[in-house]
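Here's the structure, in structure tokens; my notes come after.
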Amino acid sequence: MENLKTGSKGNLVTYLQKKLVVLNYPVTVNGDFDQLTDDTVKNYQRKKGLTDDGIVGGNTWVMVYTDTEHPRDALKRIERHNDINQLHPIVRKAAVKVFVQLQSEGIPFRIYEAYRFPERQADLYAQGRTKPGPIVTYAQPWSSYHQYGLAIDFVLFENGEWSWNDAGSKAKLWSKMHELGTQEGLMRLGFETPHLQIMGTSSSALRSGVYPAGGDKLWYNNFMSALGK
């Protein structure tokens, strides 16, 4: 996904402008990254402590997502949440780029789950084994990329309800989500349709303490908390 800047046009610009309006910025929604949009983006970036260059890339999209989507944090470690700020920055930026592209095209995916604590992974792994319900994962705690902040789950959200339906006409929507994920450096798991995870590492490498470079304080502090440190 290319960065947006002065001269950009199209659905992504329209989506950005709509979000800026939601945040009470006086921008015209016209699909054209014009001078007013450029000035507005720079103003927003300054307020958020970002480089005010008017270029909308990963960092700016993360801020827009956080400010407009109000991600749900988990009150307990066994609960689901979708706060992308606890993910590794590589996955955080990739995930939000997938999200905004889907939204700009009217494809109703939302981020269902971001970081997942090992307690929740254990609970999900028990389902279909020692707890009622179908099997939903084959990964035990610390075997899933979720525990390292390196995975994200997207699920369709239609008419106020989550939907895992991937049959019939819905199949192409899931294919589009996976395609965009691949373009942003995230790979799917064949047996977990909503799941996208970072490329270029392995569960064994992660369990041995070899993590992708570029982690920031938000990711590190949450990860250390999960490790009990």
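Based on DSSP H segments of at least four residues, each scored -39500 (n - 2.57), the chain has a per-residue ellipticity at 222 nm of -12000 deg cm²/dmol.
With the cut-off at 1.5 for a/c, could you classify the stretch 72-226 from its C-alpha gyration tensor as rounded, prolate or oblate? Since a/c reaches 1.5 but b/c is at least a/b, the shape of the stretch 72-226 is classed as oblate.
So what is the relative contact order of the stretch 180-229, in percent, for Cα pairs below 8 Å that sit 6 or more residues apart?
19
Hey, what did the chain get for relative contact order, percent, Cα under 8 Å, at least 6 apart? Write down the numbers at each step before the final one.
On the way: 345 pairs, mean separation 39.4, N = 229.
Taking the mean separation of contacting Cα pairs over the length of the chain, I get 17 percent.
Taken one residue at a time, the phi angles of the stretch 164-178 give Karplus couplings (6.51, -1.76, 1.60, θ = phi - 60°) of 9, 5, 10, 9, x, 5, 6, 4, 5, 5, 5, 4, 5, 4, 5 Hz. Gly and Pro are set to x.
Applying a 10 Å radius around every beta-carbon, put 173-183, 23-33 in order of their mean neighbour count, most first.
173-183, 23-33
Please report how far the C-alpha centroid of the stretch 185-229 lies from that of the stretch 127-150, rounded to the nearest whole angstrom. Their Cα centres are 15 Å away from one another.
Working ranking of peptides 97-104, 129-136 by packing, defined as the average number of other Cβ atoms within 10 Å per residue, highest first, is 97-104, 129-136.
Readers should treat all values here as calculations from the given coordinates under stated rules, not as data from a laboratory. As the structure is a computational prediction, the values presented were derived from the model and not from experiment. Positions of Cβ are generated from backbone atoms using ideal geometry, with glycine treated the same way; all protein chains shown enter the neighbour counts.
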